[in-house]
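The values are calculated or read from the model by the stated rules, or taken from the named source; none is laboratory data. These numbers come from a predicted model, not from an experiment. Here the Cβ is made from the backbone with ideal geometry for all residues, glycine too, and neighbour counts use every protein chain on show. Quick note on the areas: whole protein, heavy atoms, side chains included, nothing else; ligands and nucleic acids left out. Shrake-Rupley method; radii C 1.70, N 1.55, O 1.52, S 1.80 Å.
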Amino acid sequence: MPNALPRVAIATGDPAGIGPEVGLKCALDPAVNAICRPMVVGDPLVLERQAKAAGLKTTFNVIAEARDAKWQGNPGGALNVLSAPMPHADQFEFGKSGANYGLGAIASARRAVAAALSNDVEAVVAAPQNETSIHAAGIAFDGYPSFVAKETGTDIHDVFLMLCFGERRIVHTTLHVGVAEAVRLVTRERVGRAIKAADTALKRLGIASPKIIVGGLNPHAGEGGLFGREEIEIISPAIEDAKATGIAVEGPYGADTMFPKKCDAFVVMLHDQGHITAKLLAPNQTAGLAIGTPILFSSVAHGSAYDIAGKGVASHAAMVEAIKRLVGAQAAAKAA
Amino acid sequence: MRLPLALSLGEPAGIGPDITIKAWLRRSKLGLSPFYLIGDAHHITQRASALGVRVPVTTVTPQEAAAAFPNALPVVDCGIAVTATPGIPDSSSAPAAIAAIERAVADVFAGKASAVVTNPVAKNVLYKAGFAEPGHTEFLAKLASAKTGKPLHPVMMLWAPELAVIPVTIHLPLTEAPRVLTTDLIVTTGRIAAHDLRERFGIARPRLAIAGLNPHAGEDGTIGTEDRDIVAPAVRALVAEGIDARGPLPADTMFHAAARASYDVALCMYHDQALIPIKTLAFDHGVNVTLGLPFVRTSPDHGTAFDIASTGKADESSLVAALQLAARLTEKPALALAVAK
């Protein structure tokens, strides 16, 4: 009988940070192997260095193409490692940033996404990258959601970050842009696309009739126009548009008082409105789904943590959480 | 006997009367310091019977309030009859609400009350009645300036045992926040925060954590330039004055327990950045404290909640916390009072 567990590619992110260690720990974790078949994507030399430093086993089945993975291998057998080389990996150092590290990080994410597009895996989870290294490599990058959009040929305006923790989910209408720029980006169309992406993603996660709550841009959601008119002129019309298409959505509510409300996902306007909440309520167990793309893709909400890279002490809890989310979503998609 | 706290009427059609009554009913259990309501005895008596609770109400002078407090809810008459119907915003009650604030400030300056505690007002209702100040805080500063002859810069701080935050820009459209935010404004706010945390809260060397305006504190100018060009120079200026200030820090990683243990107050650059963490950590017991005034002023950190006025559903926790904090901050001699984490 063929193994029915979903195949998950783990992009190990910034080679110099805790990503490779966290990814390897996940791939070797029996709890993870009980729910999926993991494959690690990264530079084989870097992964070996990281594994040794963390006291993890280094029996790798290094492959050049995702389709060559040995998915039926014995439990405890060699770990599938899809090679995504980092230039000059022999000069690798823990906690170092630079162009080569940025190229390595992008390579692992790119190859993992490609594996999902070619149906060699069902989902991708990505370890943190370091934006400084990626920029040093001359690559424009403002977070995984837009990266996944580009790699999958999706309109960049249709992809949004959904942070997931516990029973809560928060979709971000704008992400890594300054507040002044974010205000300009909050249009009726964009808010509408965020609501629609949330509704589609929730249904894909197995929620048949999702309920969505939208937060305001201004203090107290504008307080009837007293502190800004975007709620009246942009956000409320976008909510009405979505309702007209059958989506169960309400708001806008003041972002500071709405989070105790019951719903399947909140849609916020700004990075900090969602991230402050998520990091307070679930400091180390937040998964970030890039929603609106054809593939299932999740990142983790922590960073590269150079201070503990190569020490073997990094927690892989957040990535396990992300994998659980992806596997749950995949099961729901299959059942539908 | 210690001076009582002066509690202003607030919006009489909102939940202010409800939470005042509920707080008074818990006076013995919580050991509340005496307070008196500046309002209308008839109005509060009516609200108590609407709520189905027996509350003896007595009209007093501020000097009689503390002695009356154990046995009756003391009311100092604001001089204007209150006619509001619960749940219905009605600007005819605005003069009484405004008179109550003025009376509270006058009582503190006259040495009859130890501090001002205000019930929530409805800004829209006051504006319709011709009220020209943006809000309570600015009005109090204006009244205090008139008394002292000195210009004042009031600073709103939201305080709970878990966290203290100051939104440097507050009730304005978000599109204006980056324009209003200046190095001077941050420095002035930080200076007042450091001063009042030292003088009123008894923290010998207050530690200020200053958030960036933009995500990830702007990442060296790649996500908006304000953090590099406006916030960072403000932090340097505060440090140069000998104030323990750090920043600009990414706001999303400032508020977990370990981070909070490293500072006494967080300065945030806009409303939601400050209000989201305090509402998340202290939904029902945050207190609004005005810094930069010549007296102590606290208030609950919620609004008038017209929809639940006179239903008995209003939660008095925030008003109770405001009364307790005002009492602690005015105890003589000033207690060494650290912001507990």
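Taken together, the residues in the stretch A:90-145 that are surrounded by fewer than 19 Cβ atoms within 10 Å (Cβ to Cβ) and not in a loop (DSSP other than H, G, I, E, B) amount to 8.
A:GLU231 meets the conditions (1) of a type outside the set (A, V, I, L, M); (2) more than 9 Å from chain B (Cβ to nearest Cβ); (3) open to solvent by 10 Å² or more (accessible area, probe 1.4 Å); (4) farther than 13 Å from A:ARG169 by Cα in every case but one. The failed one is (3). If you go through the stretch A:174-202 and keep only what is part of a helix (DSSP H, G or I) and among the small types (Gly, Ala, Ser), you end up with A:ALA180, A:ALA182, A:GLY192, A:ALA194, A:ALA197, A:ALA198, A:ALA201.
For the stretch B:245-258, the tally of residues that are without any contact (Cβ under 8 Å) to a residue 40 or more places away in the chain and either at negative phi or polar (S, T, N, Q) (or both) stands at 7. If you check B:VAL165, B:VAL187 for being in a helix (DSSP H, G or I) and either surrounded by fewer than 19 Cβ atoms within 10 Å (Cβ to Cβ) or modelled with pLDDT of 95 or more (or both), only one passes: B:VAL187. Among all positions in the stretch A:177-197, there is at least one residue which is touching a residue at least 40 places away in the same chain (Cβ under 8 Å), within 14 Å of chain B (Cβ to nearest Cβ) and not β-branched (Val, Ile, Thr). Looking only at the stretch B:287-316, residues that are at pLDDT 95 or above, within 21 Å of B:HIS171 (Cα to Cα) and assigned to a loop (DSSP other than H, G, I, E, B) come to 2 in all.
Considering only residues of the stretch B:202-230 that are among the acidic types (Asp, Glu) and either buried (at least 16 other Cβ atoms within 10 Å of the Cβ) or facing another protein chain (nearest Cβ under 7 Å) (or both), which is farthest from the chain's Cα centre (by Cα)? Checked the stretch B:202-230; the qualifying residue farthest from the chain's Cα centre (by Cα) is B:GLU219. Within the stretch A:259-287, the residues that satisfy the criterion of being more than 7 Å from chain B (Cβ to nearest Cβ), under 12 Å from A:ARG168 (Cα atoms) and open to solvent by less than 10 Å² (accessible area, probe 1.4 Å) are A:ALA265, A:PHE266, A:VAL267, A:GLY274, A:ALA278, A:THR286, A:ALA287. Just one of (1) out of contact with any Asp or Glu (no Cβ under 7 Å at 6 or more places or on another chain); (2) within 14 Å of chain B (Cβ to nearest Cβ); (3) touching a residue at least 40 places away in the same chain (Cβ under 8 Å) fails for A:SER304. It is (1).
Quick one: is B:VAL320 of a type outside the set (Gly, Ala, Ser) and under 11 Å from B:TRP159 (Cβ atoms)? Walk me through how you get there before you give the answer.
Numbers: of a type outside the set (Gly, Ala, Ser): yes; under 11 Å from B:TRP159 (Cβ atoms): no.
Taking the combined requirement at face value, the residue does not satisfy it.
Contact map, the stretch B:266-294: first residue more than 7 Å from chain A (Cβ to nearest Cβ), second residue aromatic (Phe, Trp, Tyr) and open to solvent by 10 Å² or more (accessible area, probe 1.4 Å), Cβ cut-off under 9 Å, separation 6 or more or different chains; pairs are B:ILE278/B:TRP159; B:ALA282/B:TRP159; B:GLY286/B:TRP159; B:VAL287/B:TRP159; B:ASN288/B:TRP159; B:VAL289/B:TRP159; B:PRO294/B:PHE109.
Return the residues of the stretch B:234-251 that are out of contact with any Leu (no Cβ under 9 Å at 6 or more places or on another chain) and within 14 Å of chain A (Cβ to nearest Cβ); say none if nothing qualifies. Show your work before the answer.
Pass one, the stretch B:234-251, residues out of contact with any Leu (no Cβ under 9 Å at 6 or more places or on another chain): B:236-237, B:239-242, B:249-250.
B:LEU249, B:PRO250 - these are the residues of the stretch B:234-251 that are out of contact with any Leu (no Cβ under 9 Å at 6 or more places or on another chain) and within 14 Å of chain A (Cβ to nearest Cβ).
Residues that are among the β-branched types (Val, Ile, Thr) and in contact (Cβ under 8 Å) with a residue 60 or more places away in the chain were ranked within the stretch B:90-126; the one that is farthest from the other protein chains (Cβ to nearest Cβ) is B:VAL108.
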